[in-house]
Amino acid sequence: MPERRINDIVIIQPIHTEKAKAIYQVSKEAKKIKGSIVICISGESGTGKTEITEELSKLYMADQKTCSIIKLDEYYRIPAILRSASRKEDFNIGLSEIDWGLVYNETADCIESGKEVVIIEGLYAIHAVGTFKVYLEGSIDETKEFRTMRKKEVIDELRQRVLRAEHLAVISLKDKADVLVTVDGNIK
């Protein structure tokens, strides 16, 4: 069963709404799996994946589309509360941290239940099966600033190493994207 995270702060700013609108415009005509558009949104921590996903789902629902959101944060093999200790031991950062079988099954369940739009969001989301893949550009410095603003955790030495490793893992997926969204909201 996916882990449910509580007390995660979501701060929607105008740039998130702008980016969601841009993604909405280019994703509406994406190919479908059994009638469903599956949008995968990746980017480094702090690029606004969660906020943009929330705004994008509102746009699709306003267009009378049924929508489900799959948050990769809920599909890590090791729960968040134990992850730092585990990472200290083996420093396993990247795709193997996610239970992709569960993500696939959840996506299939959403499609089979008739959801017209499924949005998968998370660091490595564009690795998932999807019909439209989005990469949000950002930098490690923006990640640190954003995580500090969200009071997500203390940026200690281990966290800095994790952020660097996540950065490398995330940018290695960039070529899988159908579109890149720049920091200022332009689509490439």
> With contacts defined as alpha carbon pairs under 8 Å and 6 or more residues apart, what's the relative contact order of the chain in percent?
Replying inline: 34 percent
>> Could you compute the net charge surrounding S86? Neighbours are other residues with a C-beta less than 10 Å from the C-beta of S86; K and R count +1, D and E count -1.
In response: +1
>> Counting only helical runs of four or more DSSP H residues, what would the 222 nm mean residue ellipticity of the chain come to if each run contributes -39,500 (n - 2.57) and the total is spread over all its residues?
In response: -13000 deg cm²/dmol
> Considering the values [x] 1.30; [y] 0.98; [z] 1.35, which represents Cα Rg over 2.2 N^0.38 Å as calculated for the structure under consideration?
Replying inline: [y]
>> Nearest 5 percent is fine: what portion of the DSSP beta bridges confined to the chain is antiparallel?
In response: 15 percent
> Put +1 on the Cβ of each Lys and Arg and -1 on the Cβ of each Asp and Glu in the chain; which of A108, I52, N186 then has its Cα farthest toward the positive end of the dipole?
Replying inline: A108
> What distance in nm separates the simple spin-label points at I33 and K176, each placed 7 Å from Cα in the Cβ direction?
Replying inline: 1.2 nm
> Taking the Cα centre of the chain as origin and charging only Cβ (+1 Lys, Arg; -1 Asp, Glu), how large is the dipole, in debye to the nearest 20?
Replying inline: 120 debye
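Read-outs throughout are calculated quantities, based only on the coordinates presented, and are distinct from any laboratory measurement. Just so you know, these numbers come straight off a predicted model, no measurement behind them. In this analysis, Cβ positions are derived from the backbone assuming ideal geometry, glycine residues included, and neighbour counts consider all displayed protein chains.
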